[in-house]
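Visitor: Could you have a look at this structure, given as structure tokens, before my questions?
Read the figures in this text as sums done on the coordinates, not as results from a lab. What you are looking at is a predicted structure, and each value in this text was computed from that prediction instead of being measured. Cβ placement follows ideal geometry from the backbone for every residue including glycine, while neighbour counts extend to all protein chains displayed.
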């Protein structure tokens, strides 16, 4: 067998000869290529040609294999066995594991290219892609086989690396998805127009809809107040971030769940807006606790006010049998009890957790006094100037009673003509607090005494000031009006201060 | 002289209110809960005004519910609510039209002023 095209070096005389000679040159080029292993065998598979590429790839010298072994001997035996089995099934004919398995298809005229692991002389292995062609004589009888192989190592490495990257990507996606799915919040993304683009299991549970049903549907459709839900999307698109936005989700079976939404916009790598990410926390329990706390507060308030009402009633009953001289005292007592009840409400309304906002508290006191003492058509107005300070709730009642007493006295006595201006001020002066009650009324004739006109009232003022650990500053103002200035220790703490100041 | 129906679950407070209103010359009827009050309202007895606590025993808005039903029975009835709790805007939506409100604790003078204001309205 001569597959190298012969050795005739005479110059071609005819075109056919030239072509034949060119073919021979091509064959030589292929066989001399170091990048392809070209192995030619006889019909039985015994190696007849082993080119330089095969020598380089497999580590054998041609002489070591020619007329000695078949290509099956330098192939992974397990793969050869597996290939024989697979071909036997595919072609429905028994194929012997060995060289026949490597060339069977080619012997049947079927183009055959497959992957195979070659084993080098030193025992190391490398993946190869092998193309097998049957060599036939003029009568079309098989005289041998040509196995052209290329080293597939680099491609295999790339494939392995790609596989690794794909796996890493899948792992990353799984990890990210796990985080989304394991979140206790119902998570969702929408496009900028509020159409749902992704959800987690919790969102499915919240709405009673499947992921497929939710994706593509408008976000607002799953809430009792669709307009408010839509407003949330608009708000986050303008603000970039929205926190604690309460909505009531409505599942398909009618179940309603109060949820608190945190929403943010999200972007792609080029900072192009992609949509809105929304996380909903079920706050039903929190709402219930708030409701329970409110109910308890109302219940306590109801009982306290009823008890105060009983006391006021007892006093009212006593006044029926009391000498006329004492009736006014009883009435004042009733009024002060009423003031305590009102202060209780004002403290609740002005409360910021464990402290009471002084500015809000003073404004509420002023508003209540305007309503109860002045009426709708009064010519007396009350102004409040207060720094944003906070007060311990324990001291809020005596502080409120002190303000109430001073302001009531001013309203009762400073404005005999029914018109005037009363100002309640609170400011921090060093480590003290100064409460100032100023009116532009008729003033007091006797400025040497304590600057409050009513005896019992002044007693109460003195008691409240002592209770708060403060002092009354003698007024230096002359002319019209009265100014009462009281210095109190720093029982008022600056906003954010948590320290409770001792009495 | 008017006839005032007082509805208050606390006996002492109810009787003191009764006394305060009678002191200013009005006649009173009293009930401790919604059912008792509705029973009186269904009677032919003339009644000018209803003075009711909002928080009646376990009914947090019992007084509001009572007033709503009372108005259906007697459309011209005047209503004065009382409670020690703060009145929220939401609570006001339950008030019948033209109703007045008096905060607890109230003095005799404040109650009498409220009743006279209610009757004069």
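Visitor: Across peptide A:393-400, how many C-beta atoms of other chains are within 10 Å of each residue C-beta, on average? Write down the numbers at each step before the final one.
Guide: Numbers: counts 0, 0, 0, 0, 0, 0, 0, 0.
What the average comes to for A:393-400 is 0.
Visitor: May I ask you to order B:55-61, A:63-69 by the average number of other C-beta atoms within 10 Å around their residues, highest value first?
Guide: The densest-packed peptide leads the list: B:55-61, A:63-69.
Visitor: I want to verify the translational diffusion coefficient of the protein assembly as shown in µm²/s; compute it with Stokes-Einstein, Rh as the Kirkwood radius over Cα pairs, at 25 °C and 0.890 mPa s.
Guide: 71 µm²/s
Visitor: At a temperature of 20 °C and a viscosity of 1.002 mPa s, determine how fast the stretch A:286-425 diffuses translationally according to Stokes-Einstein, using the Kirkwood radius over alpha-carbon pairs as Rh; express D in µm²/s, rounded to the nearest whole number.
Guide: Working: Rh = 16.8 Å.
Calculated translational D: 127 µm²/s.
Visitor: Once label points are set 7 Å from the Cα along Cα→Cβ at both residue A:111 and residue A:129, what is their separation, rounded to one decimal in nm?
Guide: It works out to 1.3 nm between the two label points.
Visitor: Further, regarding this structure: If packing is taken as the mean number of other Cβ atoms within 10 Å per residue, what is the order of A:153-159, A:306-312, B:69-75, A:396-402, highest first?
Guide: Descending packing order for the listed peptides: A:396-402, A:306-312, B:69-75, A:153-159.
Visitor: What is the extension gain from residue A:332 to residue A:73, computed as 0.36 nm multiplied by their sequence separation minus the C-alpha to C-alpha distance, in nm to one decimal?
Guide: Here the segment from residue A:332 to residue A:73 would lengthen by 81.3 nm.
Visitor: Okay, next question. I'd like the projected area of the stretch A:185-297, averaged over all directions, using the convex hull of its alpha carbons. Report it in nm² with one decimal.
Guide: 7.5 nm²
Visitor: On to the next question. When the helix-only estimate is applied to chain A (DSSP H runs of n ≥ 4, each -39,500 (n - 2.57), divided by the residue count), what is the mean residue ellipticity at 222 nm, nearest 500 deg cm²/dmol?
Guide: Helix-only estimate at 222 nm: -14000 deg cm²/dmol.
Visitor: Could you work out the relative contact order of chain A? I mean the mean sequence separation of Cα pairs under 8 Å and 6+ apart, divided by the number of residues, in percent.
Guide: 7 percent
Visitor: While we're here: Can you give me the P(r) profile for chain B? Cα pairs, bins 5 angstrom wide beginning at 0, each as a whole percent.
Guide: Calculated P(r), rounded to whole percents: 2, 12, 26, 27, 22, 10, 1.
Visitor: Here's another thing I want to ask about it. Quick one: if the Förster radius is 51 Å, what FRET efficiency do residue A:179 and residue A:17 give, using the C-beta to C-beta distance and rounding to 0.05?
Guide: 0.10
Visitor: Spin-label point model (7 Å from Cα, Cβ direction): what's the residue A:243 to residue A:157 distance in nm?
Guide: Between residue A:243 and residue A:157, the label points sit 5.2 nm apart.
Visitor: Right, something else. Please report the antiparallel percentage of DSSP beta bridges with both residues in the protein assembly as shown, rounded to the nearest 5.
Guide: Antiparallel bridges make up about 75 percent of those DSSP assigns within the protein assembly as shown.
Visitor: Continuing with the same structure: Using only DSSP helix segments of four residues or longer, with each worth -39500 (n - 2.57), what per-residue ellipticity at 222 nm results for chain B after dividing by its residue count and rounding to 500?
Guide: That comes out to -12500 deg cm²/dmol.
Visitor: Let me ask something else. By per-residue mean of other Cβ atoms within 10 Å, what is the highest-first order of A:41-53, A:74-86?
Guide: Going from most to least packed, we get A:41-53, A:74-86.
Visitor: On to the next question. Starting with the fewest neighbours, write out B:113, B:43 ranked by other beta-carbon atoms found within 10 Å of each beta-carbon.
Guide: So the residues, fewest neighbours to most, are B:43, B:113.
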